[in-house]
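S.K.: One structure coming up, written as structure tokens, with questions to follow.
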Amino acid sequence: MADYLPFDQVRRIAVLGTGTIGASWTAYFLARGYAVSAWDPGDGWKANLREFIDRAWPQLQTIGLEPGADTAALTFLDDPVSAVSTADFVQENAPERLDIKKELYGKIDYALPAQAIFSSSTSGLILSELVADLGTSHRFVVGHPFNPPHLIPLVEVVGARQTDPAVIDWAMGFYKHIGKHPIRIRKEVPGHLANRLQAALWREATWAVVNDLASVEDINAAISQGPGLRLAVMGPHMIFNLTGGKGGFEKFYSHFGPAMESWWQTMQGEPELTPELCAQIVDGLREEAGERTINDLEAERDRKLLAVLKALRDTT
Ligand SMILES: NC(=O)c1ccc[n+]([C@@H]2O[C@H](COP(=O)([O-])OP(=O)(O)OC[C@H]3O[C@@H](n4cnc5c(N)ncnc54)[C@H](O)[C@@H]3O)[C@@H](O)[C@H]2O)c1
């Protein structure tokens, strides 16, 4: 790792794109004591970013700020080249479109300082395709967070064919250094790993709507009031290790495996995502949400997430 900066020498992080994910990353990096250079081409982005940070800061204070952490360490830049040119690390959060990200990468390619690492938040694009034409492609990696990144610990780290393996190690180490829980994904596949798991679950949740298995509210409760609670504590393989009782995973495998396999056989094909289906789910969500607006729901999610994270920390 000799060519790349020691983690404690990273001072300034550039954030490109400050929508849902970029704003949350910005708040997190500031809370960890970094200077942040932010850029976004959208209208009103500076006020929106400031407003997001003001809302997230009390939550980050609850988790604990790094000494010296200060929201005043945020600089707003008017172009991406200026933002990356003084950065030790870049977190890119542009819209999830190959053409948009490729154009952006082309612009900043040679502006990236010699030791800087560039990490993309992409939820599922293939990095090898995004960096195919770049001169500095060996310093690009995926660092895929979960919404909201200022609270959720997971970051999936994936390299492109062109990525220097030392850069993947560096990114793993850096995310850990700043308090995240990075996992290394060994192969490039659409959706990485966690989003594929989510997509499999959502396919079934959608199939349940199409086939009128239960109301949208009850389908939500089927996870949040049941298996979702366990999944916050242990992953799916470890949960099933306990489903087998004292016989462990082998017992589960022989006892429940054949049933699961027969259910899988009924899960062929995908529900078609039609406008009518979208409207049906939206109606169900409106009924469940009642008077609660998106802002109210976000605040509720974050308040409960903070409590869960604290409980998990206190019980390890
Ligand atoms: N929303 C999620 O749950 C989530 C979770 C993890 C990762 N991601 C990934 O993060 C990235 C951003 O997603 P989002 O949900 O924040 O989207 P978003 O639409 O909320 O924000 C995108 C931002 O990019 C800006 N933008 C537009 N053109 C741009 C350009 N050429 N260069 C830079 N920025 C540009 C927009 O003005 C906007 O502020 C995507 O790659 C997405 O896959 C999203």
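S.K.: Whose amide H sits under 5 Å from the amide H of Ile183, counting only residues 5 or more places off or on another chain, with H placed in the peptide plane?
M.R.: Those lying under 5 Å, H to H, from Ile183 are Val155, Glu156, Val157.
S.K.: If you don't mind, another one. What is the stretch 127-241 by shape, rounded, prolate or oblate, if you read a ≥ b ≥ c off the alpha carbon gyration tensor as root eigenvalues and call it rounded for a/c under 1.5, prolate for a/b larger than b/c, and oblate otherwise?
M.R.: prolate
S.K.: Any chance you could get the radius of gyration and Dmax over the Cα atoms of the chain, in Å?
M.R.: 21.2, 61
S.K.: In percent, what relative contact order does the stretch 175-268 have, based on Cα pairs under 8 Å that are 6 or more apart in sequence?
M.R.: 10
S.K.: A further question on this structure: How much mean residue ellipticity at 222 nm does the chain get from its helices, if each DSSP H run of length 4 or more adds -39500 (n - 2.57) and you divide by all residues, to the nearest 500 deg cm²/dmol? Show your work: numbers first, answer last.
M.R.: On the way: 13 runs with 158 residues, N = 316.
Calculated at 222 nm, the ellipticity per residue is -15500 deg cm²/dmol.
S.K.: Work through the residues other than Ser121 whose Cβ is under 14 Å from its Cβ and net out their charges, Lys, Arg +1 and Asp, Glu -1. Each step should come with its number before you reach the end.
M.R.: On the way: positive: Arg97, Lys101, Lys180; negative: Asp40, Glu92, Glu96, Glu156.
So the surrounding residues net to -1.
S.K.: Considering Cα pairs under 8 angstrom that are at least six residues apart, work out the relative contact order of the chain and quote it in whole percent.
M.R.: Details: 445 pairs, mean separation 41.6, N = 316.
Here the relative contact order equals 13 percent.
S.K.: Which number do you get for Rg(Cα) / (2.2 N^0.38 Å) in the stretch 87-133?
M.R.: Working: Rg = 10.3 Å, N = 47, 2.2 N^0.38 = 9.5 Å.
Rounded to two decimals, the normalised Rg is 1.08.
S.K.: Contact order normalised by length for the stretch 156-210, with contacts defined as Cα pairs under 8 Å and 6 or more residues apart; what percent is it? Each step should come with its number before you reach the end.
M.R.: Values: 35 pairs, mean separation 21.3, N = 55.
Over the stretch 156-210, the number comes to 39 percent.
S.K.: Quick check: residue separation of Ala222 and His237 times 0.36 nm, minus the Cα distance between them. What number comes out in nm?
M.R.: Numbers: separation 15, 0.36 × 15 = 5.40 nm, distance 1.92 nm.
Roughly 3.5 nm would be gained on extension.
S.K.: Tell me the label-point distance for the pair Glu250, Arg292, using the 7 Å Cα-to-Cβ offset, in nm and rounded to one decimal.
M.R.: About 4.5 nm separates the two model spin labels.
S.K.: Do any GluC sites (Glu not before Pro) in the stretch 220-316 lie in a loop, going by DSSP, with at most 12 other beta-carbon atoms within 10 Å of their beta carbon, and if so which?
M.R.: Hits after loop and neighbour filter: Glu272, Glu291.
S.K.: On to the next question. Radius of gyration and Dmax for the stretch 1-112's Cα atoms, expressed in Å?
M.R.: Gyration radius and largest Cα-Cα distance of the stretch 1-112: 14.0, 41 Å.
S.K.: On alpha-carbon atoms, Rg over Rh for the stretch 7-184 using Kirkwood Rh? Walk me through the intermediate numbers first.
M.R.: Values: Rg = 14.7 Å, Rh = 15.9 Å.
That ratio is 0.93, to two decimals.
Every number in this text was worked out from the coordinates using simple rules, so none of it is lab data. Remember, predicted model here, so these are calculated numbers, not experimental data. Glycine also receives a Cβ, built like all others from the backbone with ideal geometry; neighbour counts cover every protein chain displayed.
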